[in-house]
Amino acid sequence: MRPLLIFDSGVGGLSVLKPIRALLPTAPIVYVADSAGYPYGVKSAAEIAARVPALLGRLSERLDPELIVIACNTASTIALDAVRAALDVPIVGTVPAIKPAAERSRTRVIGVLGTQATVEQPYVDRLSKEFASDCIVIRHGSAELVEIAEAKLRGEATEPAAYARILDGLFAQPDGERIDTIVLACTHFPLVEEELAAAAPRPIAFVDGKEGIARRTAWLTRDVTWPDQPSDGVAFFTRWTPEMDSYRPGLAAFGLTRVQRFER
C-alpha cells in the first residue's frame with residue numbers, strides 16, 4: 001500500500017500529522033525528518049531550493065508515496081513550485097495562515113511568527129497584500145523556538161521565560177501592543193502553542209494551517225481505498241545521531257513506532 005509521505009526538516013511536521021491521522025486514520029504514514037539538513041530556517045533560499053526538490057525526488061523514488069505533504073513553511077514558501085514541477089505525485093504544501101488570521105483579527109494587527117527564512121520570503125508579502133491588505137502585519141523570525149519545540153518532543157523541560165522573550169519580538173515592535181492574532185508560520189510552533197499562550201501578556205488567538213492541510217490531503221486521496229486497520233507509522237531521519245533515540249517516545253505518541261535512518 002502506497003503511504004502518505006510527510007516531510008519536514010525536523011519534528012514540526014508532527015503538528016500536521018495529527019489532523020491527517022484524524023481524517024485518514026488507516027492511511028499508512030511515512031514521516032521523514034531531514035536531520036542532515038536541519039534546521040532549514042537559518043539556511044539561504046538558494047540552499048533550500050537546491051536541497052528540497054532533490055531530496056524529495058530520492059524519497060519519492062524509494063518510498064513511492066501516494067501523496068507528499070511538505071509540512072514545513074520554509075521549504076514550501078521557497079521550493080514548493082519546483083517540487084511540483086519535478087515530481088509526478090500530488091504535493092500539499094504549508095504556507096503561513098495569513099488569510100484566516102486576517103479574517104479573525106479585530107484590531108487589524110496580526111503577528112507572523114516563523115523562521116527567519118520564512119518571514120523574509122516574498123511569498124509572505126504576497127499573502128499579506130492579497131488577504132490582509134487592511135491589516136498591519138508584524139513579523140518575527142525565531143530559530144530558538146524551533147529548538148525549543150524539538151527539545152519538548154525529546155521530553156526535555158523548557159523555560160517559560162523563553163516563550164515570553166520570543167513573543168516580545170513581535171509585541172515590542174511598533175503597533176505590537178495591538179496584536180490580537182498570531183500566525184504560527186512554522187509547523188514546529190503549534191507543538192508549543194500552549195506554552196506560548198501561557199506566556200502571552202494578554203489573550204491571543206494563535207492560527208496555523210494544519211487543519212486545512214489535512215482536509216486537502218483527504219480530498220486529494222478521496223479515491224484511494226485505505227486499509228481497514230491502521231498500521232504502525234515509520235519515521236526516518238536523514239542523519240542519525242545518538243540523541244535520535246530520545247525522540248522515540250515523542251514520535252510514538254503520534255503513532256510513529258518505527259524509527260530509523262533513511263539510507264540513500
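The values are calculated or read from the model by the stated rules, or taken from the named source; none is laboratory data. Since the structure is predicted, the reported quantities are computational estimates derived from the model, not experimental observations. Cβ atoms come from the backbone with ideal geometry, glycine included; neighbour counts cover every protein chain shown. Protein only, heavy atoms only, side chains kept; ligands, DNA and RNA dropped before computing areas. Shrake-Rupley method; radii C 1.70, N 1.55, O 1.52, S 1.80 Å.
Looking at the stretch 80-99 only, could you name the residues that are buried (at least 18 other Cβ atoms within 10 Å of the Cβ) and not in a loop (DSSP other than H, G, I, E, B)?
Selection gives Leu80, Val83, Ile91, Val92, Ile98, Lys99.
Scan the stretch 142-154 residue by residue and report those that are open to solvent by less than 70 Å² (accessible area, probe 1.4 Å) and touching a residue at least 24 places away in the same chain (Cβ under 8 Å).
Ser142, Ala143, Leu145, Val146, Ile148, Ala149, Glu150, Leu153, Arg154, listed by residue number.
Out of all the residues in the stretch 175-185, which are touching a strand residue (DSSP E or B) at 6+ places or on another chain (Cβ under 8 Å) and either open to solvent by 60 Å² or more (accessible area, probe 1.4 Å) or not in a helix (DSSP H, G or I) (or both)?
Just the residues of the stretch 175-185 that are touching a strand residue (DSSP E or B) at 6+ places or on another chain (Cβ under 8 Å), to begin with: 175-176, 178-185.
Within the stretch 175-185, Asp175, Arg178, Ile179, Asp180, Thr181, Ile182, Val183, Leu184, Ala185 qualify.
What do you reckon, is Pro190 in a helix (DSSP H, G or I), surrounded by 15 or more Cβ atoms within 10 Å (Cβ to Cβ) and modelled with pLDDT of 95 or more? I'd like the intermediate steps shown before the answer.
Details: in a helix (DSSP H, G or I): yes; surrounded by 15 or more Cβ atoms within 10 Å (Cβ to Cβ): yes; modelled with pLDDT of 95 or more: yes.
For Pro190, the condition - in a helix (DSSP H, G or I), surrounded by 15 or more Cβ atoms within 10 Å (Cβ to Cβ) and modelled with pLDDT of 95 or more - is met.
For the stretch 200-239, enumerate the residues that are of a type in the set (A, V, I, L, M, F, W, C) and either farther than 14 Å from Val11 by Cα or assigned to a helix (DSSP H, G or I) (or both).
Listed by number, the residues that qualify are Ala200, Ile204, Ala205, Phe206, Val207, Ile213, Ala214, Ala218, Trp219, Leu220, Val224, Trp226.
So Ala46 ticks every box in (1) open to solvent by less than 20 Å² (accessible area, probe 1.4 Å); (2) over 16 Å from Glu150 (Cβ atoms) but one. Which box is left unticked?
Condition (1) is where Ala46 drops out.
What is the residue count in the stretch 234-246 for residues that are among the charged types (D, E, K, R) and either free of Cβ contacts under 8 Å to residues at least 60 places away in the same chain or closer than 17 Å to Leu24 by Cα (or both)?
Adding up the residues that qualify gives 1.
If you go through the stretch 247-264, how many residues are in contact (Cβ under 8 Å) with a residue 40 or more places away in the chain and surrounded by 14 or more Cβ atoms within 10 Å (Cβ to Cβ)?
Summing the residues that are in contact (Cβ under 8 Å) with a residue 40 or more places away in the chain and surrounded by 14 or more Cβ atoms within 10 Å (Cβ to Cβ) in the stretch 247-264 gives 7.
Considering Arg139, Arg165, which residue is open to solvent by 10 Å² or more (accessible area, probe 1.4 Å), without any contact (Cβ under 8 Å) to a residue 40 or more places away in the chain and part of a helix (DSSP H, G or I)?
Of the residues listed, the single one that is open to solvent by 10 Å² or more (accessible area, probe 1.4 Å), without any contact (Cβ under 8 Å) to a residue 40 or more places away in the chain and part of a helix (DSSP H, G or I) is Arg165.
So the check is Cβ under 7 Å with 6+ separation or different chains; which pairs have a first residue in the stretch 214-233 that's among the acidic types (Asp, Glu) and a second one that's outside any loop (DSSP other than H, G, I, E, B)?
Close Cβ pairs (under 7 Å, with a partner that is outside any loop (DSSP other than H, G, I, E, B)) amount to Asp232/Thr257; Asp232/Arg258.
Given the residues Arg106, Arg126, which is the only one that is over 17 Å from the mean Cα position of the chain (by Cα) and assigned to a loop (DSSP other than H, G, I, E, B)?
Within the list Arg106, Arg126, the selection yields Arg106.
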